[in-house]
């Protein structure tokens, strides 16, 4: 099988995602779910089956195929204090997004994941405590994923089919852990670096300068003060709509516009096909 080098993906493992969220005052109880609840939540519909199928290739994706003028807005590290404002803006503009949630923040903000899903958004796993998965043992990698999945199921009754590694730090073992749990590993292409808290206009311009059909855009709704991201979001949506872009969750975008080999990677640098 040929090796396709992905220029756009080089450096994904070292850029973009921010520092871990502040540790809670008291460690939350690690969530569990009953076998019956897990079975119900993990029933795979047609979209989820396709996502699991792509994940079973042992790859991460960083964008969709680019055949449709549609993008995916994604938000990491929540739920947080700014999540409700972001949800309100998305609802006002009839735009769906994908939230990659931190397990301990799901427990600290009960009902928020359920609200995200009820509003038509998608939720992905971003580990329990924003760990660098490449530095963990396979057993600990598994725990980070399973505990977060359980928190999502407990809050919403729905299981996630998406995984995003904190810091974009992926390796074959990290992708294998996602695959084992029937998750598609998702990175990004459009990076706002909003975790550094630039002004709203800078965030807007970063999106507009990087966007193209199929782009997965990285922003944050947790892990710190995201007021500038909240301020930038209405303009981002307005300007992208003006340019003729539509919006979809990661799952819907990927299924409707499947990534090609050049949109995937095994380690942030290339992919075998």
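The values are calculated or read from the model by the stated rules, or taken from the named source; none is laboratory data. Only a predicted model underlies this, so the values are computations on that prediction, with no experimental measurement involved. Heads up, the Cβs are rebuilt from the backbone with ideal geometry, glycines too, and the neighbour counts pull from every protein chain shown.
Among the conditions (1) buried (at least 24 other Cβ atoms within 10 Å of the Cβ); (2) outside any strand (DSSP E or B); (3) within 16 Å of the chain's Cα centre (by Cα), the only one that residue 141 does not satisfy is (3).
Listed residues 114, 84; which is closer than 26 Å to residue 29 by Cα, out of contact with any helix residue (DSSP H, G or I) (no Cβ under 6 Å at 6 or more places or on another chain), modelled with pLDDT of 95 or more and surrounded by fewer than 24 Cβ atoms within 10 Å (Cβ to Cβ)? Before you say what the answer is, go through the steps one by one.
Working: 114 fails: out of contact with any helix residue (DSSP H, G or I) (no Cβ under 6 Å at 6 or more places or on another chain).
Just a single option satisfies the conditions, and that option is 84.
Filtered by the rule that a residue be in contact with a strand residue (DSSP E or B) (Cβ under 6 Å, 6 or more places away or on another chain), under 21 Å from residue 64 (Cα atoms) and buried (at least 24 other Cβ atoms within 10 Å of the Cβ), segment 218-246 gives 218, 219, 220. If you check 199, 252, 267 for being modelled with pLDDT under 95 and either out of contact with any strand residue (DSSP E or B) (no Cβ under 7 Å at 6 or more places or on another chain) or under 17 Å from residue 97 (Cβ atoms) (or both), only one passes: 267.
Here's the yes/no breakdown for (1) surrounded by 12 or more Cβ atoms within 10 Å (Cβ to Cβ); (2) closer than 21 Å to residue 99 by Cα; (3) in contact with a strand residue (DSSP E or B) (Cβ under 8 Å, 6 or more places away or on another chain); (4) modelled with pLDDT of 90 or more:
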{"residue": "2", "(1), (2), (3), (4)": "no, no, yes, no"}
{"residue": "10", "(1), (2), (3), (4)": "yes, no, no, no"}
{"residue": "13", "(1), (2), (3), (4)": "yes, yes, no, no"}
{"residue": "21", "(1), (2), (3), (4)": "yes, yes, no, no"}
{"residue": "27", "(1), (2), (3), (4)": "no, no, no, no"}
{"residue": "54", "(1), (2), (3), (4)": "yes, yes, yes, yes"}
{"residue": "63", "(1), (2), (3), (4)": "yes, yes, yes, yes"}
{"residue": "68", "(1), (2), (3), (4)": "yes, no, yes, yes"}
{"residue": "71", "(1), (2), (3), (4)": "yes, yes, yes, yes"}
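For segment 174-210, taking the residues that are touching a residue at least 40 places away in the same chain (Cβ under 8 Å) and assigned to a helix (DSSP H, G or I), the one that is surrounded by the fewest Cβ atoms within 10 Å (Cβ to Cβ) is identified as 196. State yes or no: is residue 151 buried (at least 21 other Cβ atoms within 10 Å of the Cβ), within 13 Å of the chain's Cα centre (by Cα) and more than 24 Å from residue 95 (Cα to Cα)? Taking the combined requirement at face value, the residue does not satisfy it.
Yes/no matrix, rows are residues, columns are (1) in contact with a strand residue (DSSP E or B) (Cβ under 9 Å, 6 or more places away or on another chain); (2) closer than 16 Å to residue 77 by Cα; (3) modelled with pLDDT under 95:
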site	(1), (2), (3)
119	no, no, no
143	no, no, no
148	yes, yes, no
151	yes, yes, no
161	yes, no, no
164	yes, yes, no
192	yes, yes, no
205	no, no, no
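Only one entry of 162, 240 meets the criterion of being within 19 Å of the chain's Cα centre (by Cα) and touching a residue at least 40 places away in the same chain (Cβ under 8 Å), and that entry is 162.
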